[in-house]
Amino acid sequence: VNIGCGPAEERVLLTGLHAVADIYCECCKTTLGWKYEHAFEVSQKYKEGKFIIELAHMVKDNGWDKRDFKRNTNTH
């Protein structure tokens, strides 16, 4: 979508050594999280190709105001 991916680098995380690539917003270049490129431990292989997005960097904006959203009370 609007996400870029940097080069992979090896990092020691809580679950061991992994090759990860930072992912960032294409618009503002803020780092949002990372992608697991390679797991060196067999028990961590399921993470390969998966993404971690840190919620602290996320903003939900759907452009709706609560007052514009009316609850449908009709029953069918």
Within the range 46-58, tally of residues that are surrounded by 11 or more Cβ atoms within 10 Å (Cβ to Cβ) and in a helix (DSSP H, G or I): 2
Pairs with Cβ under 7 Å, 6+ apart, first in the range 28-45 and farther than 11 Å from Leu17 by Cα, second modelled with pLDDT under 95 and not β-branched (Val, Ile, Thr): Thr30/His57; Leu32/Cys25; Leu32/Glu54; Leu32/His57; Gly33/Glu54
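The values are calculated or read from the model by the stated rules, or taken from the named source; none is laboratory data. Bear in mind the structure is a predicted one, so any value in this text is a computation, not a measurement. Every residue, glycine as well, gets a Cβ built from its backbone with ideal geometry; the counts of neighbours run over all protein chains shown.
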